[in-house]
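I have placed the structure first, in the form of structure tokens, so that the comments after it can refer back to it.
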Amino acid sequence: MENTLEQRLTTVEKSLRELTTTVLKLTPVKKDWRKSVGKLRDTPLAREVDRLGQEYRAQQNQS
């Protein structure tokens, strides 16, 4: 038995209400820099960041 368009829409609306309620009850994840430390370890990007940081610090120490 096929559902009518109206029945299908009613089902979708109900599901959307349930999902919206669930999402609104969720608490946002607290951002914590400590969870990110070490994620770029030993990658070309991390090496470039280290190199540029060293150059910057060297320039600041010369002033």
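Return a yes/no flag: does region 18-37 have any residue that is modelled with pLDDT of 85 or more and among the basic types (Lys, Arg).
No; the residues of region 18-37 include none that is modelled with pLDDT of 85 or more and among the basic types (Lys, Arg).
I need the full set of residues from region 42-63 which are in a helix (DSSP H, G or I) and of a type in the set (Gly, Ala, Ser), in order please.
46, 53, 58
Under 8 Å between Cβ atoms, at least 6 apart or on separate chains: pull out the pairs that start in region 50-63 with a residue that is under 24 Å from residue 37 (Cα atoms) and in contact (Cβ under 8 Å) with a residue 60 or more places away in the chain and end on any residue that is among the charged types (D, E, K, R) and surrounded by fewer than 10 Cβ atoms within 10 Å (Cβ to Cβ).
Hits for this filter: zero, empty list.
Please go through region 1-41 and give me each residue that is part of a loop (DSSP other than H, G, I, E, B), within 19 Å of the chain's Cα centre (by Cα) and loosely packed, with under 10 Cβ neighbours inside 10 Å, ordered by number.
Across region 1-41, the qualifying residues are 26, 27, 28, 29, 30, 31, 32, 36, 37, 38, 39.
Report yes if residue 50 is within 31 Å of the chain's Cα centre (by Cα) and modelled with pLDDT under 85, otherwise no.
No, not satisfied.
The values are calculated or read from the model by the stated rules, or taken from the named source; none is laboratory data. Please read all numbers here as calculations on a predicted model, not as lab measurements. So basically every Cβ, Gly included, is an ideal-geometry build from the backbone, and we count neighbours across all protein chains shown.
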